[in-house]
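All remarks here apply to the structure that follows.
The values are calculated or read from the model by the stated rules, or taken from the named source; none is laboratory data. If you're wondering where the values come from, they're calculated on a predicted model, not measured in any experiment. Please note: Cβ atoms are built from the backbone with ideal geometry, for glycine as well, and neighbour counts cover all protein chains shown.
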């Protein structure tokens, strides 16, 4: 009699796995439905136009060069300009060259205030990008 009861108890000890698999499938469906996928974008590359259009665009767009000498005097596109006339000269050069990029070529001995003033004027006239160009001095053989 004890053996029969033991077999009955052991026989009933098996778990039914159906409800657990149902729960797992429901969770899987829930996570699949609620997951959002982020659209990751790479770098935006501005490819040049093919053929003749590229050459025409390059000819039309030239950077505006501002040279600052050691004594703090300015020249825009090779023409000497006073500090007071720098704004109008920059605006005219940007409109003529069809470009809002300004390159500052400063003498290593140029006063810092003159360079900052030229940058402020260029920004005030609508310069979009600014760059600096410095002539590399030839180093001696012993350096």
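Below, the figures for the structure above:
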{"read-out": "Flag if residue 121 is surrounded by fewer than 11 Cβ atoms within 10 Å (Cβ to Cβ), at pLDDT 85 or above, in a helix (DSSP H, G or I) and out of contact with any strand residue (DSSP E or B) (no Cβ under 7 Å at 6 or more places or on another chain)", "value": "no"}
{"read-out": "Strands (runs of 3 or more DSSP E) within region 1-93 that include 3 or more residues in contact with a helix residue (DSSP H, G or I) (Cβ under 7 Å, 6 or more places away or on another chain) and either closer than 30 Å to residue 129 by Cα or modelled with pLDDT of 85 or more (or both)", "value": "64-68"}
